[in-house]
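Written out below as structure tokens is the structure these notes cover.
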Amino acid sequence: MFRIGTGFDLHRLAPGRPLILAGVRLEHPDGLGLLGHSDADAAAHALSDALLGAAALGDIGQLFPDSDPQWEGADSMALLADVARRVRAAGWEPENVDLTILAQAPKISPHAPLMRRRIADAIGIPVEAVSVKAKTMEGLGPIGERRAIAAQASALIRGAKDSSR
Ligand code: CDP
Ligand code: ZN
């Protein structure tokens, strides 16, 4: 038995903030970073929601509310690892994930191998089961105008025990 899930997230770009995507610290050409209560890692958030969505376990806003000071500056890759634990506790095994980062800048592809490694380690799946892609928005809209970065992800999970589903 397989289930599929999708996730999406967007954070504003702002000065004086780090730019962290899929657990990798990047330099933005305009010196900008992502604004948010946690570390604002939109890629980690989209991946977390894809896994939660596949298992129908809600979303990260419910699990880690940004009204809770506990999650201030939180390492979103640690939250992704926690999500993977919850998915397994519900009787599912993550099979693969596919991530697309929507960013006008910086160039993501040189960092994709390290991002894949970090995601694989956080979820506990082989690196071959992790895909990281990127798109610009051709200069259009808030992402194209470098005011935001977004990420979308899908995840497949498999019933951990054949008899359990
Ligand atoms: O050519 P197309 O419109 O499909 O894509 P694009 O948005 O122009 O991006 C071209 C290529 O640049 C993508 O296939 C990515 O490999 C890469 N890219 C990247 O590395 N970092 C980004 N922030 C955006 C795109
Ligand atoms: Zn987010």
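Given a 1.4 angstrom probe, I'd like the percentage of the accessible area of segment 32-165 that is carbon and sulfur, rounded to a whole number.
Numbers: 3120 of 6100 Å².
Ligands and nucleic acids excluded, carbon and sulfur reach 51 percent.
Kindly sort THR100, THR136, THR6 by accessible area of their heavy atoms, largest first, with the probe set to 1.4 Å. Display every interim value, and only then the final one.
Working: THR100 20, THR136 60, THR6 105 Å².
Accessible-area ranking of THR100, THR136, THR6, largest first: THR6, THR136, THR100.
Determine the per residue accessible area of the chain with all protein chains present and a 1.4 angstrom probe, expressed in square angstrom. Don't skip to the answer; put the middle values down first.
Numbers: 8010 Å² over 165 residues.
Each residue of the chain exposes 49 Å² on average to a 1.4 Å probe.
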Mean 1/r over all different Cα pairs, inverted: what Kirkwood radius does the chain give, in Å?
15.8 Å
Relative contact order (percent) for the chain, with alpha-carbon contacts under 8 angstrom and 6 or more residues of separation?
33 percent
Would you check the accessible area of LYS133, probe 1.4 Å, heavy atoms only, in square angstrom rounded to 10?
90 Å²
Find, to one decimal place in angstroms, the Kirkwood hydrodynamic radius of segment 30-79, where the mean of 1/r is taken over every pair of different Cα atoms and then inverted.
11.4 Å
Measure of size requested: the Rg and Dmax of segment 86-165, with Cα atoms as the atom set and Å as the unit; please supply both.
15.6, 51
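Once the other residues with Cβ under 14 Å from the Cβ of GLY7 are scored (Lys, Arg +1; Asp, Glu -1), what is the net sum? Provide the component values of the computation, followed by the final result.
On the way: positive: ARG3; negative: ASP9, ASP41, ASP49, ASP59, ASP98.
With Lys, Arg at +1 and Asp, Glu at -1, the neighbours total -4.
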If eta is 1.306 mPa s and T is 10 °C, what Stokes-Einstein diffusion coefficient results for segment 80-124, Kirkwood Rh from Cα pairs, in µm²/s?
132 µm²/s
Rounded to the nearest 20 Debye, what is the dipole magnitude of the chain about its Cα centre when Lys and Arg each give +1 and Asp and Glu each give -1 at the C-beta?
360 debye
Just want the answer: with Cβ charges of +1 for Lys and Arg and -1 for Asp and Glu, which residue in PRO142, LEU21, GLY73 is farthest toward the dipole's positive end in the chain?
LEU21
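Within segment 85-154, which GluC sites (Glu not before Pro) sit in a loop by DSSP and count at most 13 neighbouring Cβ atoms inside 10 Å? List each step's numbers first, then the result.
On the way: sites: GLU95, GLU128, GLU138, GLU145; in loops: GLU138, GLU145.
Loop-located and lightly packed - GLU138, GLU145.
The values are calculated or read from the model by the stated rules, or taken from the named source; none is laboratory data. As the structure is a computational prediction, the values presented were derived from the model and not from experiment. A quick note on method: Cβ atoms are made from the backbone with ideal geometry, for glycine too, and the neighbour counts reach across all protein chains shown. Only protein heavy atoms, including side chains, enter the accessible area calculation; ligands, DNA and RNA are left aside. Shrake-Rupley method; radii C 1.70, N 1.55, O 1.52, S 1.80 Å.
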